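Okay, so here's the structure we're looking at.
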Amino acid sequence: MLVTKPVAELCALLVDELHGELPSRIFAILVSKGRSTVLQLSQYTSMTPRQVRHGLAVLQQHNLLYYHVDPGSELASYEANPENAYNLIRTGKILEMIDTSFGAAAKDVMQNLLLSGQTRILDLVAAYREKIEHAAKTANGAEDDDGIAAETNGINGDSHNTKKGALVIKSTAQLNTVICRLVEAELIDVVHARTFHTSDDILKSVEKEAMAKQTAQGAKGGKGKLELQENIAEGLRKVRAESKSLKRKLEQNGSAAKRRRLFSGLESTNGVHEEETDPILDPRQVIRINYEKCLVDLRNRRLVQYATDMLSETTAYVYGVLLKLLTKDVPRCRADPIMDVGEDQDDDNDKNPGFVTTDQILDNLKTSVDLSLGVGKAEKHQISFSAAEEVQLYPPKKKALIEEVEVVGEASADEEEDSESEGEPDYDSDYKDSAATNGTHDENGINGMNGIKGTNGGTNGTKVTFDESAARKERKMDRPTQLRQHLLILAESTQGFVRHCGRNEWTVDFVPIINSLREVELDSVIERTCGRQGLRLVRILRAKGKLDEKALPNVALMRKPELQQKMLEMQTAGFVAVQEVPRDVKADVKKSFFLWFCDVDRSLSQMLDTSYRTMVHCLQVLEALRHKERDVLETTKRSDVRGREKDTMRKSYYERYSRFLECERKLFAQVMRVDDLVSVLRDF
């Protein structure tokens, strides 16, 4: 992660927001000064070594720093971990994702892990056992000293799907089951000896071990270099596998689904509960949150939302099930260039991330979902089955955002030749006759099956209708056929959500779809900044490449003064740039070409930096509001006021407190929206 000044300031503010001022000051020094010892940090921060150690303990507890011990001096040096520090901003999204996928109990466990950092299973079980016993005493008539009702297992004492005062985790066996589910989903990892080592340190140690092994074997020359690279790659894979040791132990007893099927009969006959089918975890094992796998699930949710906006909710639900099956064993969104040497790179378009079959998707679909929704109705002879069943074995090559710019006016000679040369070799003869007699036009471009969106361009000239006769025929269609229609809609969309890679086999090319999503985000920013006219000019430059400023008015069909004003506006905003190309050796402005072009990578980088600055500004405004309303906030911290602010506070104080809560909610909502953009631009 590239740590610029806005990123460093943002991470320090996030650490201050969640863990206090002392760890935040130490983290800011580590980001700015780099790797430092305790004595150096004491000098930089003007704090005593004891205070520095307390701050370092908090940072290490929450996986916010790395450390390295020199073999000769045995002196530990510390380095900041900006990746995990930035992930603190996604705490709410991770909890919401866990609640939707695994339930309120799993959300409660993840919330405790997020707030307490790395924890032994023994300590976690002891904390929950104490809460369970306290709730049991309260249920039997025992009251707290303060007379306040017992809270839930969670730190904040609230949960979406539970009533106030109800227990989410009701036994230690249920807690053990929840942890097993999260470990099998790779959302919880094991802390091992090299967890707090940087990628560079791990690579150096693995290289040292591989060279020592090669020296002992005596291999030299080209064969020796090849063996050295293989040994390094194998050592790095072993380091990655150390954090999955607990998952491998659980897989030795079979997956959770297999255990549930195995003990399903015992539950009815012998009264065996589901919690008792999971093996007891080692209480000495130290666990933590795996942010890399959480990002994979968050990426799936973002792609499902993208499919919902472009297609329909039912098709997006099918897409979500496909993504869940496809990314079940995907450990991270992006490969580490150091740690993942020798592994399959997900960023390589030539690598196949795997595939899922239609039967697998059908088995995981909820029976309550009506697959007939979100699909247009068309007659059988109006569909080109040869085009719909086309198989693409390899991912598509990189292409521009738009292939052709539509302009008003007569077509040029080359465009007329292209339109005349285009034929319909894949269409059936009966389909041609029907299209010729009816004179219809397809506005959906998905073989007449998608009747929801019309953004894909017409291909087979079928007009999709929703008449009752066609609807009755659609109801008679079996569920696998309806599922295939949704998958074909995803495969034939212009965004390329799914690729039909084999007979009843489907896969997702994440790199092209994420690039498309980034360009959509960039277009939305350009439209809000420079209007629809500016967005049209940017799309023209993307499709045509570099254009001379004299030829651009003819291509854009705009007057030269208006065009120059709009281009200067976008140049100031950083969306376009101009290049001067001299005609002669002597640089003369009057005899030079000026070429306008659009640098997408530069625009995305500028958007990312602006996003960091926006989040920093929001957190600074929030801190200023807290300082302004500090007298009101100190009043709300009193034990006789907390929870009863409206009844105990004066009207003027309560109005100020309400306004502060509203401003705080809006600022945090803005930070969350900006983080969605950062995730698309950087992490996905």
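The values are calculated or read from the model by the stated rules, or taken from the named source; none is laboratory data. Just so we're clear, the structure is a prediction, and the values are computed from it rather than from any experiment. Virtual Cβ from ideal backbone geometry, glycine too; neighbours counted across all protein chains shown.
Could you grab me the full set of residues in segment 1-57 that are in contact (Cβ under 8 Å) with a residue 40 or more places away in the chain and not in a helix (DSSP H, G or I)? Selection gives 1, 3, 4, 34, 35, 36, 37.
Looking only at segment 485-535, residues that are of a type in the set (D, E, K, R) and under 30 Å from residue 565 (Cβ atoms) come to 7 in all. I'd like to know if segment 554-565 contains one or more residues that are crowded, with 16+ Cβ neighbours inside 10 Å and basic (Lys, Arg). No: zero hits. Within segment 587-615, the residues that satisfy the criterion of being among the aromatic types (Phe, Trp, Tyr) and modelled with pLDDT under 90 are 593, 594, 596, 597.
Can you tell me which residue among 315, 308 is closer than 27 Å to residue 361 by Cβ, among the polar types (S, T, N, Q), touching a helix residue (DSSP H, G or I) at 6+ places or on another chain (Cβ under 7 Å) and in contact (Cβ under 8 Å) with a residue 12 or more places away in the chain? Spell out the reasoning first.
Values: 308 fails: in contact (Cβ under 8 Å) with a residue 12 or more places away in the chain.
After applying the criteria, what remains is 315.
The residues in segment 560-581 that are outside any helix (DSSP H, G or I), touching a helix residue (DSSP H, G or I) at 6+ places or on another chain (Cβ under 7 Å) and not hydrophobic (A, V, I, L, M, F, W, C) can be counted, and the count is 1.
Residues that are over 17 Å from residue 305 (Cα atoms) and surrounded by 14 or more Cβ atoms within 10 Å (Cβ to Cβ) were ranked within segment 665-682; the one that is nearest to the chain's Cα centre (by Cα) is 682.
Just wondering, is there one or more residues in segment 516-524 that are part of a helix (DSSP H, G or I), within 24 Å of the chain's Cα centre (by Cα) and of a type in the set (Lys, Arg)? Within segment 516-524 (the criterion being part of a helix (DSSP H, G or I), within 24 Å of the chain's Cα centre (by Cα) and of a type in the set (Lys, Arg)), the answer is yes, since at least one residue qualifies.
Please determine whether any residue of segment 128-147 is at pLDDT 50 or above, under 21 Å from residue 289 (Cβ atoms) and of a type outside the set (D, E, K, R). Yes, that holds for at least one residue. Number of residues in segment 93-106 that are in a helix (DSSP H, G or I) and over 18 Å from residue 296 (Cβ atoms): the value is 2. With respect to the conditions (1) exposed (fewer than 15 other Cβ atoms within 10 Å of the Cβ); (2) touching a strand residue (DSSP E or B) at 6+ places or on another chain (Cβ under 8 Å); (3) part of a helix (DSSP H, G or I), residue 541 lacks only one, and its number is (1).
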